[in-house]
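Accompanying notes for the structure given below.
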Amino acid sequence: MGILEVKNLIVSIQSLYKKVNILRNISFSIGKNEVVSLVGESGSGKTFTALSIMKLLPQAAKIETGEILIDGENIIEKDEKKMVKIRGEKVSMIFQEPSSHLNPVFTIGNQMVECVKGNLTKGEKKEKVIEILKEVELPEYIFYQYPHQLSGGMQQRVMIGMAIINKPSLLIADEPTTALDVSTSFRIINLLKKLISTHKISVIFITHDISLAVNFSDKIYVMYAGEIVEKSPSKKLINSPLHPYSEKLIACLPEKYKKREKIKTIEGTVPDFSSLPSGCAFHPRCPYKKEICEKFLPEEIKIGESYVRCFRYGKITKNN
Amino acid sequence: MEKLLKTINLKKNFMVKDKYGMVKKINALRGVSFEIDKGETLGIIGESGSGKTTLGKTVIRLIEPDEGKIIFKNIDITHKKENQLRPLRKKFQIIFQNPYKSLNPRMTALEIVMEAIDGSKKEKIEKGEYLLNIVGIKKNKFRSFPYQFSGGERQRIAIARSLSTEPEFIVCDEPTSNLDLSIQAQILNLFMDLKEKFNLTYLFISHDLKVIKFVSDRIGVMFKGRIVEIGKTEEIIKNPENPYVRELFEIEKKQFSI
């Protein structure tokens, strides 16, 4: 039994005139100490998956059906009061841009103390924060400083510190390094790796950088148009991708080509959620398209250690 | 080979007010010298704040340098007055990082591209449509406004606009860093195609070593306002001399190699 289990999750968003499903039947689980990357282009639903696990979805979005089990508890039924307890203690999240998630008018110490849960005195809380600051490799005086006095990398360290201060069992990192430099992001990734192994945290790592995901995580889940189209162990995905979309996406990496070679691109563009193609959402761009792909939605098929949603590997169908 | 662009000891300081209202001097460029041959792509890589963008803007005189010389096609353009520079400006262009900010929201794609073309209205439209076609914009979208395009398409329009004056030299300032992986691949391909078609020279600025490795003939590494190492792509990657460059490549190898 995993730390997190998501079953048949459907999330819709209500716009002015119509309702569109932006997560379409997502199921996955994350085991203990497992690091999983969610990979996909922008608009594929990576962040929405994370937000629904935190139950931090925007007002227009609604969980239609499905279950999200954290340590066996279904959080969909939980009200906000109970969620506040779950957030931080069981799941916590690091966001993309640290500067916009820190309050500019309070000191770092003040904000971090606020995060500490449990019945502790002020002094004990402060001690705990300073301990965590040490762990994320920041000096103690940061406690008394304001967010604007820190660099981007230091701010992200503070965010990481806040996220792990209550020892959650699951950490969601939503593109924690995209706003940072190459060398800074390297140090942040190394810090994350260290913390994951010392605290035994499971991680959902959201990124659009496949090569980073391969080096960071055990498994990669590829998302396309609100669906998980492939779940594979990292090394396997990069060497022998199963789904045509993963295959094409990996072929887009410029480092796979010599100079002056033409990069193989994916024809067409990511579909709009309000007018998704029938059947398999990838079929208009797929080189292996068959007749069946236009009519039916492929079910998940197990091949070795991987799961894939594609008719190339079998014909189990469900009426769309 | 003919040197298209040459800079000698470019320096630029900015006076910036910090949060407390104190005036501070920032040395964005501390003496940058390099040369670009005709038809070559020089990749500039460096961290944010290392002066990459300032360099890109300075060599085409969007920012005035404090010291040093810029020589474009054997003409010293460092101190040319704006009206003298005008005819030359057509020969160098820039493509910006953020296609969401660099296009006028009140003009259609065709109008954006047509704006800088000389000639009668008919010629303008003809050439504008030809350029949009080359960069891969669909014909039924020629008269759409920027908000109706995706990020990749907008960047294509920006590229078409930069080609409209028939330039020889284009500064590409992180043109793909706001784009998705699959779109990035398309745009990189487009850059390479156009280079051959129009015999262009690029100064390609990026913080992404994978992209720089792919596009450039030579690489210059910037660090704190200086080019600390410059040379052929393969040689620099094989044995970098500068310790900062070595560290940068080491990281890339550890973190991103597949």
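The values are calculated or read from the model by the stated rules, or taken from the named source; none is laboratory data. None of these values were measured; they are calculated from a predicted model. Backbone-built Cβ (ideal geometry, glycine too); neighbour counts: all protein chains shown.
Let's see how each residue does on (1) farther than 30 Å from A:Ile210 by Cβ; (2) away from every other protein chain (no Cβ under 14 Å); (3) surrounded by fewer than 13 Cβ atoms within 10 Å (Cβ to Cβ):
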site: A:Gln59; (1), (2), (3): yes, yes, yes
site: A:Glu67; (1), (2), (3): no, yes, no
site: A:Glu77; (1), (2), (3): yes, yes, yes
site: A:His101; (1), (2), (3): no, yes, no
site: A:Thr107; (1), (2), (3): yes, yes, no
site: A:Leu120; (1), (2), (3): yes, yes, no
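One line per residue, one yes/no per condition, for (1) part of a loop (DSSP other than H, G, I, E, B); (2) in contact (Cβ under 8 Å) with a residue 40 or more places away in the chain:
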| residue | (1), (2) |
| --- | --- |
| B:Gly43 | no, yes |
| B:Thr53 | no, yes |
| B:Lys69 | no, yes |
| B:Thr78 | yes, no |
| B:Gln84 | no, no |
| B:Leu88 | no, no |
| B:Ile94 | no, yes |
| B:Asn98 | yes, yes |
| B:Ser102 | yes, yes |
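Check segment A:173-184 and report whether any residue there is modelled with pLDDT of 90 or more, farther than 24 Å from B:Lys254 by Cβ and away from chain B (no Cβ under 14 Å). Within segment A:173-184 (the criterion being modelled with pLDDT of 90 or more, farther than 24 Å from B:Lys254 by Cβ and away from chain B (no Cβ under 14 Å)), the answer is no, since none of the residues qualifies. Applying the criterion of being among the basic types (Lys, Arg) and more than 8 Å from chain A (Cβ to nearest Cβ) to the residues of segment B:210-224, the residue that is surrounded by the fewest Cβ atoms within 10 Å (Cβ to Cβ) is B:Lys224.
Here's the yes/no breakdown for (1) more than 11 Å from every other protein chain (Cβ to nearest Cβ); (2) aromatic (Phe, Trp, Tyr):
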| site | (1), (2) |
| --- | --- |
| B:Gly119 | yes, no |
| B:Ile137 | yes, no |
| B:Phe142 | yes, yes |
| B:Gln148 | yes, no |
| B:Arg154 | yes, no |
| B:Leu163 | yes, no |
| B:Val171 | yes, no |
| B:Pro175 | yes, no |
| B:Leu181 | no, no |
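Residue-wise test of (1) closer than 30 Å to A:Gly40 by Cβ; (2) surrounded by fewer than 19 Cβ atoms within 10 Å (Cβ to Cβ).
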residue: A:Tyr146; (1), (2): no, yes
residue: A:Arg157; (1), (2): yes, no
residue: A:Asn166; (1), (2): yes, yes
residue: A:Asp174; (1), (2): yes, no
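If the condition is being in contact with a helix residue (DSSP H, G or I) (Cβ under 9 Å, 6 or more places away or on another chain), without any contact (Cβ under 8 Å) to a residue 40 or more places away in the chain and outside any strand (DSSP E or B), then segment A:286-303 contributes A:Lys289, A:Lys290, A:Ile292, A:Cys293, A:Glu294, A:Phe296. Taken together, A:Ser274, A:Ser232 contain a single residue that is modelled with pLDDT under 90 and either over 24 Å from the mean Cα position of the chain (by Cα) or not in a loop (DSSP other than H, G, I, E, B) (or both), which is A:Ser274.
Restrict the check to segment B:2-25 and report whether at least one residue is closer than 30 Å to A:Pro104 by Cα, in contact (Cβ under 8 Å) with a residue 60 or more places away in the chain and not in a strand (DSSP E or B). Before the answer, list the steps.
From segment B:2-25, those closer than 30 Å to A:Pro104 by Cα are B:13-25; that's our starting set.
Add one more test, that the residue is in contact (Cβ under 8 Å) with a residue 60 or more places away in the chain, and what stays is none.
No, because not a single residue in segment B:2-25 is closer than 30 Å to A:Pro104 by Cα, in contact (Cβ under 8 Å) with a residue 60 or more places away in the chain and not in a strand (DSSP E or B).
With respect to the conditions (1) buried (at least 21 other Cβ atoms within 10 Å of the Cβ); (2) in contact with an Asp or Glu (Cβ under 6 Å, 6 or more places away or on another chain); (3) of a type in the set (Ser, Thr, Tyr), B:Ser50 lacks only one, and its number is (2).
Taking segment A:228-240 as the region of interest, how many residues are buried (at least 22 other Cβ atoms within 10 Å of the Cβ) and either of a type in the set (D, E, K, R) or closer than 22 Å to A:Phe95 by Cα (or both)? Spell out the reasoning first.
First pass over segment A:228-240, keeping only residues buried (at least 22 other Cβ atoms within 10 Å of the Cβ): A:228-232, A:237.
Okay, now just the ones that are also either of a type in the set (D, E, K, R) or closer than 22 Å to A:Phe95 by Cα (or both), so A:228, A:230-231.
Going through segment A:228-240 one residue at a time, the tally reaches 3.
Identify the residue in segment A:232-248 that is under 27 Å from A:Arg24 (Cβ atoms) and of a type in the set (D, E, K, R) and, among all such residues, is nearest to the other protein chains (Cβ to nearest Cβ). Filtering segment A:232-248 for residues that are under 27 Å from A:Arg24 (Cβ atoms) and of a type in the set (D, E, K, R), the one nearest to the other protein chains (Cβ to nearest Cβ) comes out as A:Lys248. Of the residues making up segment A:249-267, just one is more than 7 Å from every other protein chain (Cβ to nearest Cβ) and β-branched (Val, Ile, Thr), namely A:Ile250.
Among the residues of segment A:137-153, are any over 22 Å from A:Ile86 (Cβ atoms) and in contact (Cβ under 8 Å) with a residue 60 or more places away in the chain? Break it down into steps so the answer makes sense when it comes.
Step one: list which residues in segment A:137-153 are over 22 Å from A:Ile86 (Cβ atoms), which gives A:137-153.
Retained after the next criterion (residues that are in contact (Cβ under 8 Å) with a residue 60 or more places away in the chain): none.
No, there is no match, as no residue in segment A:137-153 is over 22 Å from A:Ile86 (Cβ atoms) and in contact (Cβ under 8 Å) with a residue 60 or more places away in the chain.
Just a yes or no: is a residue in segment B:169-187 within 30 Å of A:Glu247 (Cα to Cα), of a type in the set (Asp, Glu), at pLDDT 90 or above and part of a strand (DSSP E or B)? So far as segment B:169-187 goes, yes, one or more of its residues are within 30 Å of A:Glu247 (Cα to Cα), of a type in the set (Asp, Glu), at pLDDT 90 or above and part of a strand (DSSP E or B). Filtering segment B:124-146 to residues that are assigned to a helix (DSSP H, G or I), touching a residue at least 12 places away in the same chain (Cβ under 8 Å) and over 14 Å from B:Asn98 (Cβ atoms) leaves B:Ile125, B:Lys127, B:Gly128, B:Glu129, B:Leu131, B:Leu132, B:Ile134, B:Lys141.
Would you be able to say whether some residue in segment A:82-97 is assigned to a helix (DSSP H, G or I), within 30 Å of A:Val222 (Cβ to Cβ) and of a type in the set (A, V, I, L, M)?
Narrowing segment A:82-97 to residues assigned to a helix (DSSP H, G or I): A:82-89.
So of that shortlist, the ones also within 30 Å of A:Val222 (Cβ to Cβ) come out as A:83, A:86-88.
Next cut, of a type in the set (A, V, I, L, M) only: A:83, A:86.
Yes, there is a match, as at least one residue in segment A:82-97 is assigned to a helix (DSSP H, G or I), within 30 Å of A:Val222 (Cβ to Cβ) and of a type in the set (A, V, I, L, M).
Is it the case that A:Asn215 is touching a helix residue (DSSP H, G or I) at 6+ places or on another chain (Cβ under 8 Å) and facing chain B (nearest Cβ under 9 Å)? Steps first, answer last, please.
Values: touching a helix residue (DSSP H, G or I) at 6+ places or on another chain (Cβ under 8 Å): yes; facing chain B (nearest Cβ under 9 Å): yes.
Yes: the conditions hold for A:Asn215.
Listed by first and then second residue, the pairs linking a residue in segment B:187-201 that is more than 9 Å from every other protein chain (Cβ to nearest Cβ) and farther than 20 Å from B:Glu153 by Cβ to a residue that is modelled with pLDDT of 90 or more and part of a helix (DSSP H, G or I), with Cβ atoms under 7 Å apart and 6 or more places separating them unless they lie on different chains, are B:Phe198/B:Leu163; B:Leu200/B:Leu194.
Among the criteria (1) more than 17 Å from A:Phe95 (Cα to Cα); (2) touching a strand residue (DSSP E or B) at 6+ places or on another chain (Cβ under 6 Å); (3) not charged (D, E, K, R), the one A:Gln149 does not fulfil is (2).
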